[in-house]
Each structure stands twice: as C-alpha cells, then as structure tokens.
Amino acid sequence: MSFKTYIKNIEEKTGKSAEDFQTLAEQKGFTNNGELAVKATEITNWLKEEFELGHGHAMVMYAYIKGKKRIKA
C-alpha cells in the first residue's frame, strides 16, 4: 500500500486530514514549530489509543508529522 493510500484510509477512518493530525500533535506538545519534541513511540501510542489506528497506519501518520509531506501517487 502506498503512503498516499495509507493517508487516504486514515482520513476516511478518523474524519481527520493529515494536516489535522499535524495540528493536534503540535497542540499536544509532540512537536514544537514543526520539529519533533518526543519519541516516535509517544506519537504512535497516542494515534493507536485515541484514534484506533493500527501500527502501520500510526507509523505512516508519524512519518507525516515528522515531516514527510511528499505523497507519491
């Protein structure tokens, strides 16, 4: 499954866009001005617990939050 497909599936499941997750991560203190402030585990655990994402989906969203914005077709 491509990065783009993972993002699309996450948006469909949660009703939140990747940008929404970026904003939420900033609000929670996981990032500071777009830079990571915590370890990946804290972010993926939050995504799994609060949004019921599986590990693969949580890792893709972590990658997006970390800065991977280029979504290949």
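The values are calculated or read from the model by the stated rules, or taken from the named source; none is laboratory data. On a predicted model such as this, the values are computed, not experimentally measured, just so you know. When we count neighbours, we look across all protein chains shown, and the Cβ atoms used for this are built from the backbone with ideal geometry, even at glycine.
Overview of results
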{"read-out": "Residue selected from segment 10-24 under the condition small (Gly, Ala, Ser) and loosely packed, with under 15 Cβ neighbours inside 10 Å, by the criterion nearest to Met61 (Cα to Cα)", "value": "Ser17"}
{"read-out": "Selection within segment 39-48 - exposed (fewer than 14 other Cβ atoms within 10 Å of the Cβ) and outside any loop (DSSP other than H, G, I, E, B)", "value": "Thr41, Asn45"}
{"read-out": "Answer from Lys8, Lys68, Lys13, Lys4 - the residue that is outside any helix (DSSP H, G or I) and not aliphatic (A, V, I, L, M)", "value": "Lys68"}
{"read-out": "Per-region count, segment 25-38, residues modelled with pLDDT of 95 or more and either exposed (fewer than 11 other Cβ atoms within 10 Å of the Cβ) or closer than 18 Å to Lys4 by Cβ (or both)", "value": "2"}
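The rows are residues; the columns are (1) under 22 Å from Asn9 (Cβ atoms); (2) of a type in the set (A, V, I, L, M); (3) more than 10 Å from the chain's Cα centre (by Cα).
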{"position": "Gln22", "(1), (2), (3)": "yes, no, no"}
{"position": "Thr31", "(1), (2), (3)": "no, no, yes"}
{"position": "Glu35", "(1), (2), (3)": "no, no, yes"}
{"position": "Ala40", "(1), (2), (3)": "yes, yes, yes"}
{"position": "Ile43", "(1), (2), (3)": "yes, yes, no"}
{"position": "Glu50", "(1), (2), (3)": "yes, no, yes"}
{"position": "His55", "(1), (2), (3)": "yes, no, yes"}
{"position": "Ala63", "(1), (2), (3)": "yes, yes, no"}
